[in-house]
Amino acid sequence: MPLVTSKEMLQAALEGHFAVGAFNANNMEQIQGIIDAAVEERSPVILQVSQGAIDYAGLGYASAMVKVAAQEADVPVVLHLDHGGSYVQNVVCLRAGFTSLMFDGSKLPYEENVRITKQIVELAGAVGIPVEAELGKVLQSRDSVSEDDVRAAMTDPLQARDFVEKTGISSLAVAIGSVHAMQAAEAELDIERLKEIRAQIDIPMVLHGSSGVKEESEVEAIQHGICKINVATMLNQAFVGALIQAYKDAPDNVDPRKWLVRSRDAVKEVVRHKMRLFGSSGQITASGYASAPKSFRSAQLGHLE
């Protein structure tokens, strides 16, 4: 089916108390694994392309592979820009057919973050494309961050309300204790901070850096407004781990496809597990989203022709 936007999808998740997995699409095998899991699980899904993926594959290849995968699937698929670092990057991806954008101005001074985010929202909104932004900072594990660093970077609830009101964004990525690129799930989210943010804003919230978060903490966060959960490092770990094992099992093989199919299957199983954990499995029925109010069921198949 054609790509859909993330706005109706995340609103349905908010009302239905589940989260949609946003899985990083770095190559063909990962995309196939993600889509196969979504179709089998009857789950909506977001495939997101990062700047790293664009640098690796090229914007044309990266976006085209997701579009082909979506066209062959019978569940809603979103093509999302992950951590767009500039106004220009968002414009380029909008032209390339992305159905969801993100501007990450979290490292900028607050007023500049507001200004650029608002500009992107106004531009994308003219053609019905929603925009995610980030407030606070989800730090990188490679920076050897301490617990105090993570807490100091968390989203301020009152500032979140001001930011949403001034920019008009559709979803907000919040910093509540996760860290990007963690190799093990050890972090616990600050649920009380999340509740405070939720009391100030009524739009869907996004969790970045989930691969390093304890699963029980993710599940709890979904009940307090987290509607989109980004998964990247965990997919890469599964992909590379399966590839290494496939090589060990058949070191004389010279057909890379015989190894890569193992990586594709490993990614698929991680995605399947996360969809069940997030509550998105089984959400797609003949009439729309299973647990969302009827007002959203007819909207969820709003195609971008």
If you go through the range 248-269, how many residues are surrounded by 15 or more Cβ atoms within 10 Å (Cβ to Cβ) and either without any contact (Cβ under 8 Å) to a residue 40 or more places away in the chain or closer than 19 Å to residue 74 by Cβ (or both)? 3
In the range 139-174, anything within 20 Å of the chain's Cα centre (by Cα), surrounded by 14 or more Cβ atoms within 10 Å (Cβ to Cβ) and at pLDDT below 90 is listed as 139, 141, 154
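For residues that are modelled with pLDDT under 95, in contact with a Pro (Cβ under 8 Å, 6 or more places away or on another chain) and either under 19 Å from residue 229 (Cβ atoms) or not aliphatic (A, V, I, L, M) (or both), tally how many sit in the range 268-305. Even if it seems obvious, please write down each step before you answer.
Narrowing the range 268-305 to residues modelled with pLDDT under 95: 285-305.
When the remaining residues are screened for being in contact with a Pro (Cβ under 8 Å, 6 or more places away or on another chain), the result is 289, 300-301, 303-305.
If we keep only those that are either under 19 Å from residue 229 (Cβ atoms) or not aliphatic (A, V, I, L, M) (or both) as well, we get 289, 300, 303, 305.
Counting residues in the range 268-305 that are modelled with pLDDT under 95, in contact with a Pro (Cβ under 8 Å, 6 or more places away or on another chain) and either under 19 Å from residue 229 (Cβ atoms) or not aliphatic (A, V, I, L, M) (or both) gives 4.
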Restricting the search to the range 101-114, which residues are in contact with a Lys or Arg (Cβ under 8 Å, 6 or more places away or on another chain) and among the polar types (S, T, N, Q)? 106
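Name the residues in the range 1-44 that are basic (Lys, Arg) and in a helix (DSSP H, G or I), would you? Spell out how you get there, then give the answer.
As a first pass, look at the range 1-44 and keep what is basic (Lys, Arg): 7, 42.
Within the range 1-44, 7 is the sole residue that qualifies.
Would you mind finding the one in 100, 106 that is hydroxyl-bearing (Ser, Thr, Tyr) and either more than 17 Å from residue 173 (Cα to Cα) or at pLDDT 95 or above (or both)? Walk me through how you get there before you give the answer.
Numbers: 106 fails: either more than 17 Å from residue 173 (Cα to Cα) or at pLDDT 95 or above (or both).
Answer to the selection: 100.
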Of the conditions (1) at pLDDT below 95; (2) surrounded by fewer than 14 Cβ atoms within 10 Å (Cβ to Cβ); (3) polar (S, T, N, Q), residue 210 clears all except one; give me its number. (2)
Identify the single condition in (1) surrounded by fewer than 20 Cβ atoms within 10 Å (Cβ to Cβ); (2) over 21 Å from residue 10 (Cβ atoms) that residue 97 does not satisfy, given that it satisfies every other one. (2)
(1) in contact with a strand residue (DSSP E or B) (Cβ under 9 Å, 6 or more places away or on another chain); (2) at positive phi: which one isn't true of residue 58, the others all being true? (1)
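The values are calculated or read from the model by the stated rules, or taken from the named source; none is laboratory data. Keep in mind the model is a prediction, meaning the values are calculated, not measured. FYI the Cβ positions are ideal-geometry reconstructions off the backbone, even for glycines, and counts take in every protein chain you see.
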